[in-house]
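The values are calculated or read from the model by the stated rules, or taken from the named source; none is laboratory data. Everything numeric in this text was worked out from a predicted model, so none of it was measured. Virtual Cβ from ideal backbone geometry, glycine too; neighbours counted across all protein chains shown. Keep in mind that these areas ignore ligands, DNA and RNA; they rest on the heavy atoms of the full protein, side chains included. Shrake-Rupley method; radii C 1.70, N 1.55, O 1.52, S 1.80 Å.
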Amino acid sequence: PRVQARPIVRHGMTILPLTRRPGGPQAFKQILPPGTPTGDPGQQTHEGYEWLYVLSGRLRLLLGDHDLILTPGEVAEFDTRVPHRLLNPGPDTAEVINLFGPQGERLHVRARPHAR
């Protein structure tokens, strides 16, 4: 039988768990309507390492002193001990794939372009 993880709705955004492996790297799809998340606008820190890919919409990434707008096809990766916050400045819903390593694991890219 198939077991589907239930969406988590927090501060106006929806988080869909894509993995169920506790303790290791985890994958999520985040759906952020314009103007979300709501609530405390402050940046936060925690243990881990994060990689995100913008599928659609625009994503505002506050990362320490940096204020970035990411668009579809753009990727960001960062140590989550750096103060950070993800926001949707609008005007459309933003969809993001998020990979998170809770113990600070970094993702390793092994594929290399073929030398010509």
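Of all residues in the range 64-77, which are under 10 Å from the mean Cα position of the chain (by Cα) and surrounded by 16 or more Cβ atoms within 10 Å (Cβ to Cβ)?
The one that is under 10 Å from the mean Cα position of the chain (by Cα) and surrounded by 16 or more Cβ atoms within 10 Å (Cβ to Cβ): 76.
Note on the range 8-33: residues that are in contact with a Lys or Arg (Cβ under 7 Å, 6 or more places away or on another chain) and closer than 18 Å to residue 57 by Cβ amount to 1.
Only one entry in 16, 61, 55, 86 is in a strand (DSSP E or B) and either of a type in the set (S, T, N, Q) or open to solvent by 70 Å² or more (accessible area, probe 1.4 Å) (or both), namely 55. When the range 23-52 is filtered for residues that are more than 26 Å from residue 93 (Cβ to Cβ) and in contact with a His (Cβ under 9 Å, 6 or more places away or on another chain), only 45 remains. The residue of the range 19-52 that is farthest from residue 86 (Cα to Cα), among those that are of a type in the set (Val, Ile, Thr) and open to solvent by 30 Å² or more (accessible area, probe 1.4 Å), is 19.
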